[in-house]
Amino acid sequence: MKKNLFTFFLMILAVAGCFSKEKKAAAKTNEEPPAWVTDSGRYKIFPKTEYLSACEYGSSLEEAKTKAAASISKTIKAQVTDLVKTDYSAKENQGSYISHREISENLEISSSNSLYQLEYTTPFYSKELGMYIGCAYINRQKAFDFVEPKLNKCEKNFPAEYEASIKKNDALEQLLGIKNSLNFAKEFYEYYDFARVINPAASEKYAKVDELFRKAEFTLNELKSKCAVNIVVEGDFNNQVLNALQDAFNAEGLTVVQRGAYDYKAKAVVSASPVKTAQTVQCRPSVLVEVLGGSEVKYSWSKQMDKVAAFDEDSCLRR
């Protein structure tokens, strides 16, 4: 028993000793604060023209690093917001294509996944303060080199898809094509906004792509006014399909008209083949939707619904 207790105490002392050594080693290694703990020292090591950097305090290594990354993220977010507001005002005064867009939410995330090429110095532990001090930094050129291929991809693919869409003869086909081409927008602005902050001069070559995205959004909104849709549904009990289609078209910004002039007709057919079992009636309804411009089908969509059951055929079909 005494031997076990002795062994137990030795283990406690060993763990405590390791913890103490870790902290003493950190203190011994960093007896003198590194130059980057002050703004003047940090800007000598990481000049603003070449780096984005931030220094923060924390009760642990991770907290200090996380706060430093968050500080850089906040700086980027503020600068992107100013850039977008400036662009909006300038293009409005010039009569250019403009559209208000939200700042990429990804830029608010303080992690190395959104702050591209984020790096850290070795944190310094201050015995006097009892805190760790962390410094995060981004090399502007290195980060731009990382995002440049991704911007080049958007620069190549988006204009081609957009130009192909506006050459179509039908307004709805143009609208659907432009909407599909705008899928590149989220990726483009995530990298473009970041690039404009870290390397404004090098990012200037992508300004034409930015302008084309704005033009596409402007054209898309114009086309929506030329695509009024009339909806007709067959076999729809309780107007469930009609209401769902109205919501879907409205969500796309299209005008739904049940009376008066329209540009397209959306025809939906709900069908089901009830099957009697020993106690119930079951069926799996299907929906076919066709959008017609005159007599030509411009767009079609179908879906098999989940199985429903009831105690009589009429109730089954209504469900």
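Some observations on this one:
- Packing order of peptides 190-200, 298-308, highest average first: 190-200, 298-308 (average count of other Cβ atoms within 10 Å over each peptide's residues).
- Highest mean packing first, where packing is the average number of other Cβ atoms within 10 Å per residue, the peptides 275-286, 58-69, 133-144 line up as 133-144, 58-69, 275-286.
- Counted charge near Glu222, where neighbours are those whose Cβ lies closer than 14 Å (Asp, Glu -1; Lys, Arg +1): +3
- By the beta-carbon count within 10 Å of each Cβ, the least crowded to most crowded order of Lys186, Lys168, fewest first, is Lys186, Lys168.
- Ascending count of other beta-carbon atoms within 10 Å, so fewest first, for Glu128, Glu148: Glu128, Glu148
- Model label zone, Phe311; criterion: amide N under 13 Å from point 7 Å along Cα-to-beta-carbon; scope the stretch 261-302: 279-281
Every number in this text was worked out from the coordinates using simple rules, so none of it is lab data. Computed from a prediction, not measured in an experiment: that's the story for all the values here. Note that each Cβ is placed from the backbone with ideal geometry, even for glycine, and that neighbours are counted across all protein chains shown.
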